[in-house]
1. When the residues of segment 23-80 are narrowed to those that are of a type in the set (F, W, Y) and within 20 Å of A109 (Cα to Cα), which ends up surrounded by the most Cβ atoms within 10 Å (Cβ to Cβ)?
2. Would you confirm whether any residue within segment 87-95 is of a type outside the set (F, W, Y), over 16 Å from V37 (Cα atoms) and surrounded by fewer than 12 Cβ atoms within 10 Å (Cβ to Cβ)?
3. Considering only segment 64-105, how many residues are touching a helix residue (DSSP H, G or I) at 6+ places or on another chain (Cβ under 9 Å) and aromatic (F, W, Y)?
4. Given (1) over 26 Å from E107 (Cα atoms); (2) modelled with pLDDT of 85 or more; (3) part of a loop (DSSP other than H, G, I, E, B), where does I12 come up short, assuming only one miss?
5. Can you tell me which residues in segment 80-108 are in a strand (DSSP E or B) and of a type outside the set (D, E, K, R)?
6. Show the residue pairs that are 6+ apart or on different chains and have beta-carbon atoms under 9 Å apart, the first residue being within segment 105-116 and within 17 Å of T61 (Cβ to Cβ), the second being of a type in the set (D, E) and not in a helix (DSSP H, G or I).
7. Can you name the condition, by its number, that R91 falls short on among (1) within 19 Å of E17 (Cα to Cα); (2) modelled with pLDDT under 95; (3) among the basic types (K, R)?
8. Being polar (S, T, N, Q) and not in a loop (DSSP other than H, G, I, E, B) is the filter here, so list the residues in segment 67-79 that pass it.
Amino acid sequence: METTTPKETPEIPSNDEEMEQKIIEALKSVYDPEIPVNIYDLGLIYKIRVYPDNTVFVLMTLTAPGCPVAGSLPVEAENAVRDVEGVEDARVELTFDPPYTMEMMSEEAKFDLGFL
């Protein structure tokens with residue numbers, strides 16, 4: 001059987017809320033090295049799709065297009081997702097549309113960074 005890389009398909013909804021929560025927890029273990037907040041609470045994760053075959057697609061951004069960790073942070077996020085029990089494969093895609101703004105941060109992140 002041929003293995004394919006998960007592709008973004010908007011019409012396929014997440015099939016497993018429990019798996020999605022585990023993936024979110026895994027993404028919360030990944031931190032932007034310049035900001036003491038995880039990438040999920042920073043608002044860098046735009047979309048998570050868990051497909052029926054337990055492959056995962058994550059769409060994420062960075063705080064700025066010239067971010068010095070542009071090459072490593074998506075890989076770190078992808079590896080964190082792949083390490084989740086039950087995940088068969090994962091792909092993280094980077095986008096800058098829409099551009100990141102501080103309004104995308106969770107209330108907890110804003111509080112931790114002193115914005116609240």
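1. Across segment 23-80, the extreme among qualifying residues is Y40.
2. Looking through segment 87-95, none of the residues is of a type outside the set (F, W, Y), over 16 Å from V37 (Cα atoms) and surrounded by fewer than 12 Cβ atoms within 10 Å (Cβ to Cβ).
3. Count: 0.
4. (2)
5. Passing the criteria: A90, V92, L94.
6. M105/D41; S106/D41; A109/D41
7. The number of the failed condition is (2).
8. N79 - this is the single residue of segment 67-79 that is polar (S, T, N, Q) and not in a loop (DSSP other than H, G, I, E, B).
The values are calculated or read from the model by the stated rules, or taken from the named source; none is laboratory data. Everything numeric in this text was worked out from a predicted model, so none of it was measured. In this analysis, Cβ positions are derived from the backbone assuming ideal geometry, glycine residues included, and neighbour counts consider all displayed protein chains.
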